[in-house]
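The values are calculated or read from the model by the stated rules, or taken from the named source; none is laboratory data. Model, not experiment: these values are computed from the prediction. Cβ sites come from the backbone with ideal geometry, for glycine too, and all protein chains shown count toward neighbours.
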Amino acid sequence: MINPICARVISTIPRTYNVKSIRVAIDGAIDFKAGQFLRVKLNNDDNLQRYLSISSSPTEKGYLEFTKKITDSDFSSALSILKPGDMVSIEYPYGAFTLERSVERIAFISGGIGITPIRSMCKFAVDKNLNLDIVLLYANNSVKDIAFREDFEKMQAEYGNLHVTHVLCEKDMEFSCVVGRINADIIKKEVPDYLGRFFFLCGPPAMVEAMKGLLTKELEVPLGNIITENFQGY
Ligand SMILES: Cc1cc2nc3c(=O)[nH]c(=O)nc-3n(C[C@H](O)[C@H](O)[C@H](O)COP(=O)(O)OP(=O)(O)OC[C@H]3O[C@@H](n4cnc5c(N)ncnc54)[C@H](O)[C@@H]3O)c2cc1C
């Protein structure tokens, strides 16, 4: 049983036109593993609580960050008006979608807001200079939907072993990307050593299921080389 604790909002950061990060501070040590999630409750209202992945890394000291796709829900409305000084209640850490396994070559596949725990794990790998080889296939509708874009560009520049491929539905002449939806051909081309990698899949349940089916059935990736995080609710 994890007890709820009070957390103070210290900043809010727009990531895209409909994605927002909230940074909170708590009393005492902040202890979690990159990739884990929390439960946040707003306005002390049981109807205003959601599970959200922690988008910051344990190497980023002094705050916890979570990042929400803003929808027309009451929860999104309450979250989008949070300001520094406001209090929220959080329970953490939850989950086993983490780097705590003995793998060196990793492929992350993410759709939309499913990037949040992956951002945490990549930042952790970069800051700790972990001996990992990471590829990320990050699917979005268009360039304007890419959350943490500059962040990933900085991480790629800093850490030689991170390669990000953006897969977009809409073509953009000024942006280097693969156009289409992630399929077996795209994985074979962008991750040619896919049979030697451990896959982390995160996003809306339908996307995660589709990717898992594609990897196991079309590409014969063993189920034991795949871990998933489903963002129930999308
Ligand atoms: C482990 C985990 C990590 C997540 N991380 C993130 C994140 O980092 N960022 C992010 O934006 N979202 C994340 N989600 C999804 C998030 O919890 C919300 O479900 C989602 O954001 C939709 O909430 P909403 O208020 O926008 O929409 P709503 O309109 O309230 O929800 C849409 C529909 O989903 C249903 N629903 C809401 N929550 C759940 C649930 N837990 N299980 C089943 N059905 C549900 C609602 O009843 C409604 O029918 C995560 C979910 C899980 C389980």
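At a glance:
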{"quantity": "Within the stretch 100-137, tally of residues that are of a type in the set (Lys, Arg) and more than 16 Å from the ligand (Cβ to nearest atom)", "calculated": "3"}
{"quantity": "Hits in the stretch 121-137 - residues which are closer than 23 Å to residue 52 by Cα and assigned to a strand (DSSP E or B)", "calculated": "136, 137"}
{"quantity": "Any hit, the stretch 108-120, residues being in a loop (DSSP other than H, G, I, E, B) and not polar (S, T, N, Q)", "calculated": "no"}
{"quantity": "The stretch 25-61, residues that are in a strand (DSSP E or B) and closer than 20 Å to residue 115 by Cβ", "calculated": "37, 38, 39, 40, 50, 51, 52, 53, 54"}
{"quantity": "Candidate set: the stretch 14-61, residues that are among the small types (Gly, Ala, Ser) and at pLDDT below 95; chosen: the one nearest to the chain's Cα centre (by Cα)", "calculated": "29"}
{"quantity": "Matching residues in the stretch 156-177 - criterion: being in contact with a helix residue (DSSP H, G or I) (Cβ under 6 Å, 6 or more places away or on another chain) and buried (at least 16 other Cβ atoms within 10 Å of the Cβ)", "calculated": "159, 162, 164, 165"}
{"quantity": "Residue in the stretch 138-156 that is under 20 Å from residue 58 (Cα atoms) and part of a loop (DSSP other than H, G, I, E, B) present", "calculated": "yes"}
{"quantity": "Test: residue in the stretch 138-155 that is within 16 Å of the ligand (Cβ to nearest atom), among the charged types (D, E, K, R) and crowded, with 17+ Cβ neighbours inside 10 Å", "calculated": "yes"}
{"quantity": "Residues within the stretch 209-230 that are crowded, with 16+ Cβ neighbours inside 10 Å and either touching a residue at least 60 places away in the same chain (Cβ under 8 Å) or of a type outside the set (A, V, I, L, M) (or both), tallied", "calculated": "7"}
{"quantity": "Count of residues meeting criterion [within 16 Å of the ligand (Cβ to nearest atom) and on the phi > 0 side of the Ramachandran plot] in the stretch 197-234", "calculated": "2"}
